[in-house]
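Presented below is the structure to which this report refers.
The values are calculated or read from the model by the stated rules, or taken from the named source; none is laboratory data. Quantities reported herein were computed from a predicted structural model and do not represent experimental measurements. Quick reminder, even Gly has a Cβ in these numbers, built from the backbone with ideal geometry, and neighbours come from all protein chains shown.
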Amino acid sequence: MVAISFLEAKIEHADGKEIYYLKELLTGGESRLDEKQLLTGFFKYFERLSPRLGSYNGRGFDLPVLKYRAMVHDINSPWLEQTDDKCNSYSSRYSADWHCYLIEQLSDCGASALVKLNEVCSVFGLPSKFGVDGSKVFEIIDHGKIQDVQDYCKTNILNTYLVYLRVMMHRGDIDLDGYNRCVSDVITMIEAESNERQHLSAFLDAWVQSPNNQFTMVLKER
């Protein structure tokens, strides 16, 4: 592993709804940071936070890979594995408050076809995958372009968060105003950091050009 990217947001509650406050978009990993250091930092950071995890295919891919590589380096993660309630844990497919596994939420836990993230993004008017393609990551790493991989991971995380917001609004966990404010926070962050992070500027440009793009939503009554 050469990079672990994540977006951190604070969750608050008011009037029966959740409110999300975007804190930061980070990537753990440097071009010469070894895998053990990267994984140790990840597990310690998340153990301290004890967060709700949100991912697209995290239960089917990301978490298993993290576990396998952690075991290779003898890194423990009891916080990820141990719980007093087997139905409410990071590994349970039905515990959205612990791990909101978006591919399961969208498919009603496999009742319907599993849809790829880029397909969902296309439907929702999001920029989907652009620039670096996941199939090219090994080639990029072989050429030592670790920064390109990190940038690719960050844009994937942004798309995942934006899909997460849409799912949470559909479920009624956040209201329309909360959704629009969260999207505005993402745009504000991108604009504030675009000079130093060109990949974020490219993400916003791709978002603008996406068919059916929606930066904010309005209530539609039928």
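What to note about this one:
- Segments classed as helices (runs of 4 or more DSSP H), wholly inside the stretch 91-203, with at least 2 members that are buried (at least 19 other Cβ atoms within 10 Å of the Cβ) and among the charged types (D, E, K, R): 146-171
- Exactly one residue among ILE19, ILE11 is in contact with a His (Cβ under 9 Å, 6 or more places away or on another chain) and either surrounded by 14 or more Cβ atoms within 10 Å (Cβ to Cβ) or at negative phi (or both), and that residue is ILE19.
- Considering only residues in the stretch 70-88 that are at pLDDT below 90 and surrounded by 16 or more Cβ atoms within 10 Å (Cβ to Cβ), the one that is farthest from ASP34 (Cα to Cα) turns out to be LEU80.
- Total residues in the stretch 30-77, condition assigned to a loop (DSSP other than H, G, I, E, B) and either within 24 Å of GLN147 (Cα to Cα) or among the acidic types (Asp, Glu) (or both): 9
- When residues in the stretch 114-140 are screened for being out of contact with any His (no Cβ under 8 Å at 6 or more places or on another chain), at pLDDT below 85 and of a type outside the set (Phe, Trp, Tyr), 10 of them pass.
- Which listed residue, of LYS67, LYS44, LYS36, is more than 24 Å from SER92 (Cβ to Cβ), at pLDDT 90 or above and not acidic (Asp, Glu): LYS36
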